[in-house]
Each structure stands twice: as structure tokens, then as C-alpha cells.
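The values are calculated or read from the model by the stated rules, or taken from the named source; none is laboratory data. Computed from a prediction, not measured in an experiment: that's the story for all the values here. Note that we place each Cβ from the backbone using ideal geometry, even for glycine, and neighbour counts take in every protein chain shown. The accessibility values were calculated without ligands, DNA or RNA, using every heavy atom of the protein model including side chains. Shrake-Rupley method; radii C 1.70, N 1.55, O 1.52, S 1.80 Å.
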Amino acid sequence: MKKLSILFFLFVVNFNTNAIPYSTEPQEFVNELVNDAINKLSDKSLTIEEKSKYIEKIALENVDIKALSLYTLGELRKSSKKNDLKNYQIAFEKYFLKSLTSRLSDYSSSKFEVTDFEKKSANYTIVNSKVTPGEGDPQILIDWRVYTKQKDKPLIRDLIVEGLSLARTQKEEFASILSSNNGDINILIKKLEEFSKK
Amino acid sequence: MIIKRIKNLFISALIITLVSTAGLKASEECFEGISRSVFKFNMVFDDIILEPIAKGYNKLPEPIKAGAGNFTSNVATLLSIPNSLLQGNIKQVGHATGSFLINSTVGILGILNPAEKIGLKPHREDVGQTLGKYGFGPGCYFVLPVLGPTTARDSIGLIADSLLDPFAHVTIQEKELFGMSGNSVDYFSVKGTAAVDFRSDNITNFESLEKNSIDLYSSLKSIYLQDRENKIKNSTDTQDDWGNLDN
């Protein structure tokens with residue numbers, strides 16, 4: 001019985017340390033999440049691999065990668081076969097994480113500040129922020145589209161950098177690939193897989 | 001004389017072609033195959049010429065870079081004045097005129113930017129944006145050699161810019177304005193410096209985009225079109241097409 005309770009205690013402790021609890025208020029959520037990421041990236045005691053793993057972990061927990069994958073697929077998400085869609089989502093997640101971690105060194109010396117927010121609907125809040133990449137560098141305005149349907153678990157769906165939506169850019173890039181390949185989702189999946197293997 | 005006639009003929013033909021495609025959506029291409037080839041050429045041009053110059057430029061002392069950036073921005077403000085007026089945006093006419101006058105005098109020919117410190121922040125406006133404000137759609141998309149991405153509307157705007165821009169008036173057209181005149185070398189030197197300044201500011205962004213794009217041509221097309229939309233609206237509010245996502 002004692003062993004069981006120790007095991008249960010360890011499980012609870014382990015669970016709590018694995019899941020990083022951020023605020024459920026969109027503006028606080030973004031602020032805590034990004035500052036946490038910047039602190040980790042600037043931690044000199046961690047290796048690049050450890051930093052990448054940490055960023056992957058918080059991205060998996062706090063970015064709505066599934067919704068992002070469906071959004072970037074455009075109308076094809078409605079007509080694609082279930083199996084193709086599943087394969088696409090797996091390939092997209094790997095692509096997304098690879099693309100995210102390849103940019104880590106770009107943000108390690110940044111200063112981040114949430115400036116404002118606007119509740120667009122019951123499902124979306126736009127959080128406005130500014131990032132100063134380095135000493136004397138011009139500020140970059142970044143808006144975060146936060147999905148708030150689940151009140152206790154906000155999720156990031158898009159980053160709008162100086163008015164340029166990363167999700168829309170990705171969607172239009174995929175649309176171009178699909179259009180020049182007769183709308184074949186498997187070619188897009190192959191290209192995403194090739195990118196992830198690079 | 002013959003060259004001038006050929007130039008006029010070329011411009012007329014271009015305008016007719018582009019106007020006839022102006023009803024197309026921006027995402028539609030005028031001639032994608034050619035544009036992709038031109039894009040490849042531009043990438044080589046960037047790799048061999050623009051990027052190395054921009055990297056060298058980034059090594060210059062910060063005050064020199066800031067001065068060059070301020071100077072080219074101040075010259076560009078001259079084009080914003082008539083365009084803000086044509087858009088009926090009197091507040092922006094005031095910002096652009098005030099900024100140009102203060103920076104050209106107190107700011108030592110535009111090398112410094114004291115106008116910004118007193119709250120004068122003029123938007124960059126060109127004829128393409130003015131046509132967009134008047135309700136002209138972007139028309140189809142294509143890529144110009146060296147100049148890069150454009151649309152039917154923006155390329156007409158580019159030609160009109162050279163007629164409306166007071167700086168082009170005194171340089172390319174070699175006419176006199178308030179006792180000042182120049183030549184085409186002055187014009188292309190300033191435009192070239194502005195291009196290098198822009199490229200140097202975006203070295204990291206461009207490298208990151210290049211590294212993370214599956215189809216760089218399409219990524220840049222999307223970024224160009226979004227940027228133009230924002231500049232016409234004078235806002236960074238993006239279109240909301242997430243609503244129909246059934247998750």
C-alpha cells in the first residue's frame with residue numbers, strides 16, 4: 001500500500017512538472033509562455049538539443065497544431081480521404097516542429113512584452129505584443145491569435161508578424177504546391193516529409 | 001526620339017495588358033512560368049550582388065546606416081505627399097509634408113529624423129496604394145526582373161510613380177524644382193541605397209524564410225500580397241477566415 005502511494009505521488013509530481021501550467025487568460029497565457037521560452041533559450045547551461053526538446057514540448061501543449069494543419073490545407077480538408085488527412089496531419093506536425101526549432105537562435109536574446117488584447121469572438125482573442133530582438137534593434141509587432149473555445153486551455157493558432165499572418169502564408173504556399181500538382185495531397189505530404197528529414 | 005517612341009509604345013502595351021487583367025484575383029498569376037523563371041534570376045541576382053552588398057552594409061557603423069536609411073526614407077516621403085492628397089487623407093498630407101520639411105532642414109538633408117521625435121510618422125504611400133484606395137483590385141500577380149513581386153495594379157502604379165514623384169521629376173526627367181535639379185544617376189543611387197537598406201534589415205528574416213519554405217516563390221507572393229493589402233488599408237488587421245474551420 002505504501003509503495004502504491006509513493007508511486008501515485010511520483011506520478012502526480014511527474015505529471016505536474018511535465019505539463020507547464022500557464023494562465024488561462026489569453027494575454028497572460030501568451031506573456032508567460034513566450035517569456036518562459038525566451039528564458040529557456042537564453043539559458044547557457046542547456047544544450048541546443050535540450051532547448052529544442054523544450055520548445056517542441058511547449059509547442060505541442062500550447063499551439064493548436066491540428067487546427068493549423070487543417071487551416072493550411074484549405075478547402076481540400078473537406079474532400080480528402082480520412083487516411084490521407086491523418087497522414088497529412090502527422091507530416092505537418094513534424095514539419096511544424098522542425099521549422100520552429102530551426103529558428104531558435106533567432107529569438108534567444110529577444111525582449112518580449114504584451115501590449116494589448118482584443119476579444120474578437122467567443123472563440124478568438126488577439127493578443128498584441130512587441131519584441132525587441134537585440135540591443136538597438138527595431139521593435140517587431142507580433143499579434144497572437146489565441147483560440148479560447150476551451151476556457152481552461154487557450155491555444156495559439158496563428159502569429160501575425162507586422163501584419164503578415166504566418167498561417168495564411170503557409171496556407172497559400174501549400175495551395176500553390178497543390179495547384180501545380182493537380183490537388184494531390186500525397187505530393188504535399190511527401191514534400192513535408194522531405195523537409196522534416198533535412 | 002525612336003527610343004522614346006518605343007518606350008511609350010511599350011508602356012501603352014503594358015498598361016493595356018495589365019488593365020485587361022485587372023479584374024483577376026491577386027492570387028491568380030499573369031504568367032506563372034515566366035514569373036518563376038524571373039524569380040530564379042532574381043534569386044541569383046540577390047545571391048551574387050544584393051545580399052553581399054547588404055551584408056557589407058550591415059558592417060558599417062550604426063550612425064552611417066541610420067543616416068542612409070533616414071535619407072532614403074525622407075526622399076520617399078516626397079511621393080507620399082501627392083498620394084496622401086489623392087487619397088483625401090489630409091492628416092497624412094500634414095504628417096508627410098511636416099516630416100519632409102523638418103527632416104530636410106533641422107535633420108540635415110534628411111540624415112537625421114527629428115520629425116519622428118515630435119510625433120510625425122508619415123505612411124509610405126504610392127500610386128498603387130492610391131489606386132487600391134479608389135477600389136481598383138490588384139489584378140494578376142507577376143515578378144519583375146530585379147524589382148521583384150508586383151501585380152497589374154502595382155506595376156501601373158510604379159510607372160505613374162515616376163511621373164508623380166517630385167524626386168523623379170528633378171532627377172530622371174532632369175527638370176528644375178525650387179532651383180534644384182539632378183540626373184538619373186542620383187535617382188538610381190537613392191533607390192539602390194533604399195533597396196540595400198531594406199535588404200540589410202531583413203537578412204535574418206529572409207534567411208529564415210528561405211530555410212523554412214517548401215516553395216519560396218509562393219511564400220514571398222503571399223507576403224507581398226498581404227503587405228500591400230495592409231498598406232492600402234493602413235492597418236495590420238488581417239482577414240479572418242478561421243471562422244469556418246470546424247475543429
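Structural remarks
- In the condition set (1) modelled with pLDDT of 90 or more; (2) open to solvent by 80 Å² or more (accessible area, probe 1.4 Å), A:Lys111 is compliant with all but (1).
- Scanning the stretch A:139-170 for residues that are part of a loop (DSSP other than H, G, I, E, B) and either open to solvent by 30 Å² or more (accessible area, probe 1.4 Å) or more than 8 Å from chain B (Cβ to nearest Cβ) (or both) turns up A:Gln139, A:Thr148, A:Lys149, A:Gln150, A:Lys151, A:Asp152, A:Lys153, A:Pro154, A:Glu162.
- Selection from the stretch A:39-64 of residues that are within 14 Å of another protein chain (Cβ to nearest Cβ) and either acidic (Asp, Glu) or surrounded by fewer than 18 Cβ atoms within 10 Å (Cβ to Cβ) (or both): A:Asp64
- Condition check for A:Ser105: over 20 Å from A:Asn62 (Cα atoms) and either modelled with pLDDT under 95 or not in a strand (DSSP E or B) (or both): yes
Yes or no, residue by residue, for (1) in contact with a strand residue (DSSP E or B) (Cβ under 9 Å, 6 or more places away or on another chain); (2) under 18 Å from A:Ser176 (Cβ atoms); (3) within 14 Å of chain A (Cβ to nearest Cβ); (4) aromatic (Phe, Trp, Tyr):
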site	(1), (2), (3), (4)
B:Pro145	no, no, no, no
B:Pro149	yes, yes, yes, no
B:Ser155	yes, no, no, no
B:Ala168	no, no, no, no
B:Asp240	yes, no, yes, no
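- Helices (runs of 4 or more DSSP H) contained entirely in the stretch B:155-247, each with at least 3 residues that are at pLDDT 95 or above, among the small types (Gly, Ala, Ser) and under 15 Å from the mean Cα position of the chain (by Cα): B:184-201
- Residue within the stretch B:70-79 that is over 20 Å from B:Phe167 (Cβ atoms), open to solvent by 40 Å² or more (accessible area, probe 1.4 Å) and at pLDDT 95 or above present: no
- Among the residues listed as A:Ile189, A:Ile140, the single one being of a type in the set (A, V, I, L, M) and over 19 Å from B:Ser208 (Cα atoms): A:Ile189
Residues are listed down the side, and each one gets a yes or a no for (1) out of contact with any helix residue (DSSP H, G or I) (no Cβ under 6 Å at 6 or more places or on another chain); (2) surrounded by fewer than 19 Cβ atoms within 10 Å (Cβ to Cβ); (3) more than 10 Å from chain B (Cβ to nearest Cβ):
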| position | (1), (2), (3) |
| --- | --- |
| A:Ser121 | yes, yes, no |
| A:Tyr124 | yes, no, no |
| A:Asn128 | yes, yes, no |
| A:Pro133 | yes, yes, no |
| A:Asp137 | yes, yes, no |
| A:Glu172 | no, no, no |
| A:Ser180 | yes, yes, no |
| A:Lys197 | yes, yes, yes |
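- Residue count, the stretch B:33-53 (criterion: touching a residue at least 40 places away in the same chain (Cβ under 8 Å) and either open to solvent by 80 Å² or more (accessible area, probe 1.4 Å) or farther than 14 Å from B:Gly148 by Cβ (or both)): 3
- Restricting the stretch B:198-216 to residues that are surrounded by 18 or more Cβ atoms within 10 Å (Cβ to Cβ) and more than 7 Å from every other protein chain (Cβ to nearest Cβ), the residue that is farthest from B:Phe41 (Cα to Cα): B:Ser200
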